[in-house]
Amino acid sequence: MQADSRRDFAAIVFGIRNWPKLAVIFLVGAAGLALYDVGLSSTHPIITAAVLNLTPFWAALIAFIVSKRSISAPPFASFACFLVAFCGAMAIAWSQIDVDSKVLARDVLDSFIHSKWIYALPTPAFFALSGTLVYQWF
C-alpha cells in the first residue's frame, strides 16, 4: 500500500464526521449479505448459479443508474456479454449435476416456485449502492 492510500484510509476511518456515512455503508452491505443468506440457503444450485454469476451485471446497471454516468461499451455489447455470461454460468452449473433431465427440470422448477431465491435478487443493488456511496462520499 502506498503512503497516500494509508493516509486517506486513516483519515476516513478515524474522522468522527465520517462514522455515520461508514455506518450507512456497513448497514447496506450487511443487508445485502443477509438477503443472500436467506435467499440462497435453500435454493437449487442452478438458480444459485444464475443469481451469483449475474451479480456483476446487475451491479453495473445499478451503478449506472445511481451515478448517471454512461457505460463505456455499446448497449449491444453489454447485452451480448450478459447473455454469454448467463449461458456459461448455466452450462457449468448444469454440467455439475448428475441426475436425469426430467428429475432435474422438476427439481429446478420446484425450487424456483417454493424457495426464497427472490430475496437474493436485490442484493446486487445493495453492493452497487455501497460502492457508489463510497465513491460519492469519499
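The values are calculated or read from the model by the stated rules, or taken from the named source; none is laboratory data. Values in this document were obtained by computation on a predicted structure and should not be read as measured data. FYI the Cβ positions are ideal-geometry reconstructions off the backbone, even for glycines, and counts take in every protein chain you see. Quick note on the areas: whole protein, heavy atoms, side chains included, nothing else; ligands and nucleic acids left out. Shrake-Rupley method; radii C 1.70, N 1.55, O 1.52, S 1.80 Å.
Kindly provide the set of residues from the range 1-29 that are open to solvent by 80 Å² or more (accessible area, probe 1.4 Å), closer than 17 Å to TYR135 by Cα and of a type in the set (A, V, I, L, M, F, W, C), ordered by number.
Answer for the range 1-29, where residues must be open to solvent by 80 Å² or more (accessible area, probe 1.4 Å), closer than 17 Å to TYR135 by Cα and of a type in the set (A, V, I, L, M, F, W, C): PHE9, TRP19, PHE26, LEU27.
So GLY32 clears everything in (1) over 12 Å from the mean Cα position of the chain (by Cα); (2) crowded, with 18+ Cβ neighbours inside 10 Å; (3) in a helix (DSSP H, G or I) except one condition, right? Which one?
Checking GLY32 against (1) over 12 Å from the mean Cα position of the chain (by Cα); (2) crowded, with 18+ Cβ neighbours inside 10 Å; (3) in a helix (DSSP H, G or I), the one that fails is (1).
How many of the residues in the range 35-64 are farther than 11 Å from ALA128 by Cα, among the hydroxyl-bearing types (Ser, Thr, Tyr) and in a helix (DSSP H, G or I)?
2
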